[in-house]
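Asker: After the structure tokens below, expect a handful of questions from me.
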Amino acid sequence: QAAEKLQASFRPVRGAFIVVPRANKVPIQYFERTLPELGDLNRLYPGDPNGLPMARMAAQIVDAAREFHVDALLDMHESWAFYNDRPQNGTAFLGQTVATAPTEPALSLVHQVVEAVNTRIQAPREEFFDRAFPGPQNGAGLPGATPAGGGSMTSSLSLPRFIPNIIAILVEMGQQQPIERRVALHIEVFMELARRLGVADA
């Protein structure tokens with residue numbers, strides 16, 4: 001919903017703005033992250049044009065990012081619960097986090113975005129955390145894991161491995177908040193990022 005609102009209302013002051021709304025429709029339709037016959041979109045980058053449907057989708061997203069020389073990619077997600085409440089490591093409690101690959105300038109950019117957005121949030125529970133080292137790392141210091149049986153298992157944060165100089169950012173919103181608030185906060189993060197990239201007026 002946040003991406004669709006931005007698509008309808010945001011106009012960049014310079015550069016271009018590309019939206020891929022609802023790239024993974026399974027959670028919306030079935031309230032499931034993925035189905036075995038489709039594959040998990042956010043574990044299949046850079047994708048496979050001959051693979052499962054979500055692997056093909058990942059490949060199309062990567063192709064579009066290359067074709068249009070994308071500088072920064074913002075991946076909007078939701079998580080079951082707040083990161084601040086997590087009892088253990090894992091992927092179930094990631095709400096209110098903004099993550100990127102642990103390389104510069106992405107690390108500094110995400111830290112600045114999180115700090116700026118948090119100054120405008122009145123409820124401390126809604127404040128964001130920047131996650132500097134999300135998930136397993138490969139030898140280049142970029143996210144990527146090898147699942148049992150080989151192959152790749154990589155999220156959108158791994159895109160700098162496949163697209164030179166791209167900044168990949170993954171935002172997770174906690175579902176304890178009303179949907180309207182989650183959408184508003186996604187837009188807030190986007191607008192702060194857009195200003196810092198010079199795509200929106202300061």
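The values are calculated or read from the model by the stated rules, or taken from the named source; none is laboratory data. Predicted, not measured: the structure shown is a model, and the values here were computed from it. Don't worry about glycine lacking a Cβ; one is built from the backbone with ideal geometry, like all the others, and counts go over all protein chains shown. With ligands, DNA and RNA removed, areas are computed over all heavy atoms of the protein, side chains included. Shrake-Rupley method; radii C 1.70, N 1.55, O 1.52, S 1.80 Å.
Asker: Under the rule of -39500 (n - 2.57) per DSSP H run of 4 or more residues, summed and divided by the residues of the chain, what mean residue ellipticity at 222 nm is obtained, to the nearest 500 deg cm²/dmol?
Answerer: Details: 5 runs with 60 residues, N = 202.
Calculated mean residue ellipticity at 222 nm is -9000 deg cm²/dmol.
Asker: Right, another one. Can you give me the relative contact order of the chain as a percent, contacts being Cα pairs under 8 Å and 6 or more apart? Mind showing how you got there, number by number?
Answerer: Working: 335 pairs, mean separation 51.8, N = 202.
Value for the chain: 26 percent.
Asker: If the elastic network links every pair of Cα atoms under 10 Å, which of I167, I121, I28 fluctuates the most in the Gaussian network model of the chain?
Answerer: Between I167, I121, I28, it is I28 that shows the largest mean-square fluctuation.
Asker: Given the options P36, P21, P164, which has the most mean-square fluctuation in a GNM of the chain, springs set between C-alpha atoms less than 10 angstrom apart?
Answerer: Evaluated over the chain, the most mobile residue of the options is P36.
Asker: Related question: Spin-label point model (7 Å from Cα, Cβ direction): what's the E67 to Q176 distance in nm?
Answerer: Result: 4.2 nm between the two label points.
Asker: Another question, if that's okay. Figure the gain on full extension for A184 and Q29 (residue separation times 0.36 nm, minus the Cα-Cα span) and round it to one decimal in nm. Can you show the working numbers first?
Answerer: Numbers: separation 155, 0.36 × 155 = 55.80 nm, distance 2.20 nm.
Value of the extension gain: 53.6 nm.
Asker: Amide H of A81 versus every other amide H placed in the peptide plane: which residues, excluding those fewer than 5 positions away on the same chain, fall under 5 Å?
Answerer: Under 5 Å from the amide H of A81: L94, G95, Q175.
Asker: Taking only protein heavy atoms and a 1.4 Å probe, what accessible area per residue, in Å², does the chain have with all protein chains in place?
Answerer: On the way: 10910 Å² over 202 residues.
I get 54 Å² per residue for the chain.
Asker: Counting only other residues whose beta carbon sits under 12 Å from that of P160, what net charge do I get with K and R as +1, D and E as -1? Show your work: numbers first, answer last.
Answerer: Values: positive: R161; negative: D71, E104.
Around P160, the surrounding residues sum to -1.
Asker: Then there is this: Specify whether the C-alpha gyration tensor of region 1-121 places it in the rounded, prolate or oblate class, a ≥ b ≥ c being the square roots of the eigenvalues: rounded for a/c under 1.5, otherwise prolate if a/b is larger than b/c and oblate if not. Let's see the in-between values first.
Answerer: Working: a/c = 1.55, a/b = 1.10, b/c = 1.42.
Since a/c reaches 1.5 but b/c is at least a/b, the shape of region 1-121 is classed as oblate.
Asker: Also: Quick one: with all protein chains in place, what share of the accessible area of the chain is carbon or sulfur, to the nearest percent (1.4 Å probe)? If you can, show how the numbers build up before the last one.
Answerer: On the way: 5850 of 10910 Å².
It is 54 percent, rounded to a whole number.
Asker: In addition: Which residues in region 172-202 have a backbone N closer than 20 Å to a point placed 7 Å from the Cα of A116 along the Cα-to-Cβ line?
Answerer: 172-173, 183-202
Asker: I want to verify the translational diffusion coefficient of the chain in µm²/s; compute it with Stokes-Einstein, Rh as the Kirkwood radius over Cα pairs, at 4 °C and 1.567 mPa s.
Answerer: Values: Rh = 17.4 Å.
It comes out at roughly 74 µm²/s.
Asker: Can you give the local net charge around N118? Use residues other than it whose beta-carbon is closer than 13 angstrom to its beta-carbon, Lys and Arg +1, Asp and Glu -1. Please list the in-between numbers first.
Answerer: Numbers: positive: R120, R125; negative: E115, E126, E127, D130, E188, E192.
Spelling it out: positives minus negatives among the neighbours equals -4.
Asker: Skipping prolines and chain starts, which residues have an amide H placed within reach, meaning under 5 Å, of the one on D75, given they are 5 or more residues away or on another chain?
Answerer: Placed amide hydrogens put I169, L170, V171 under 5 Å from D75.
Asker: Mind telling me which of Q176, Q122, Q112 comes out most flexible in a GNM of the chain, alpha-carbon contacts under 10 Å?
Answerer: Q122
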